[in-house]
Amino acid sequence: MLFQMYYLPLPSALTLNATQFLYCHRLGIPLPFLPSPLPLRCHPKCPHYRHAFPASSAPLRPHAYHQAACGATPRRHRRHDAIAKIIGDTAASNLRAHSTMDRRLSSSTGQHSTKVDLVITAYDRSPSVTAIDVTISCPLLPSHSPAAAISAAHLFDSRALEKNNKHLAGSIAQGRTFLPIVFTTLGGIGPPEAVHYLDSLFSDSYAAEFAASGSTRNTAHARRLFYQSLLATLTKATADMASALTIAAFDASAADTSSAAVAATSPPDPAPLGASSDHSDDAEF
């Protein structure tokens, strides 16, 4: 929808990096804002940092597909929260619902409690309480691309199933409906029931405007801005992850290289007086 926008509110305006990411990510063009040379590892806090990216992934590194999904920093969590907040604020505004992102988020009554991202309560609707969990995936990652190339729906279905397995039973036990909303870094939203729910946030406005004027133009405009703000936030946050994680990895790599160079050029420590300079016994060090 960002490619069809005729107006974008200032809070949703794209940065330079986000605009480049929007086009390059879809066209398969290397991201121009990444540092050069590209680091062989991810962010130092990435659980895979100790291992260099496999040689087979070299063509993928200029696209930062891994960084677009990596949880090495709080950026991935903040991306989820920003999108969930837009949905919650829209529900509160259009449905006169109560939304929370910091209370009653548990989806399990067991010892190891799991939490959703957002709980929306609208007492004049049935069901009145909906627990929502947002997830974002990059369909171009090697773990997703084979199935995504065959069917765009596969990623939405598989990720929704993972979320249902995690949260559905616990939500039902608490008398709630659970809804996974899956986004892709390409701007896709699914599965279909998630899109139906997001559209339903405007159902009252549509009905009221149509009854008053016979038109739904204003509501249609508000709905378009809602989806645009979701996708603009997604694009900006993902571009930030791709840039920040790669730059941190680049800086860490440069620091490692510099330390290694200093160590290689430093003269050896002099042997203590009376000590032998034969280090054959210390070969393993």
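The values are calculated or read from the model by the stated rules, or taken from the named source; none is laboratory data. Just so you know, these numbers come straight off a predicted model, no measurement behind them. All Cβ positions, even for glycine, are placed from backbone atoms using ideal geometry, and neighbour counts span all protein chains on display.
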Seminar exercise, completed: If we ask which residues in the stretch 44-67 are under 23 Å from Ile29 (Cβ atoms) and either outside any loop (DSSP other than H, G, I, E, B) or in contact with a Leu (Cβ under 8 Å, 6 or more places away or on another chain) (or both), their number turns out to be 14
Seminar exercise, completed: The lone condition Ala212 fails out of (1) surrounded by fewer than 14 Cβ atoms within 10 Å (Cβ to Cβ); (2) closer than 30 Å to Leu60 by Cβ; (3) of a type outside the set (Phe, Trp, Tyr) is (2)
For this session: Only residues that are surrounded by fewer than 21 Cβ atoms within 10 Å (Cβ to Cβ), of a type in the set (Val, Ile, Thr) and either out of contact with any Lys or Arg (no Cβ under 6 Å at 6 or more places or on another chain) or at pLDDT below 90 (or both): list them for the stretch 114-147, please.
Result: Thr114, Thr121, Ile136
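Please find, within the stretch 50-90, the residue that is farthest from the chain's Cα centre (by Cα) out of those that are polar (S, T, N, Q) and surrounded by 19 or more Cβ atoms within 10 Å (Cβ to Cβ).
Here is the first cut: in the stretch 50-90, the residues polar (S, T, N, Q) are 56-57, 67, 73, 90.
Now drop any that are not surrounded by 19 or more Cβ atoms within 10 Å (Cβ to Cβ), which leaves 67, 90.
Details: Gln67: 10, Thr90: 20 Å.
Taking the candidates together, the pick is Thr90.
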Exercise. What number of residues in the stretch 2-49 are over 30 Å from Ala255 (Cα atoms), in contact (Cβ under 8 Å) with a residue 60 or more places away in the chain and either surrounded by 14 or more Cβ atoms within 10 Å (Cβ to Cβ) or touching a strand residue (DSSP E or B) at 6+ places or on another chain (Cβ under 9 Å) (or both)?
Worked result: 6
For this session: Kindly indicate whether Ala82 is under 28 Å from Val195 (Cα atoms), small (Gly, Ala, Ser) and part of a helix (DSSP H, G or I).
Result: yes
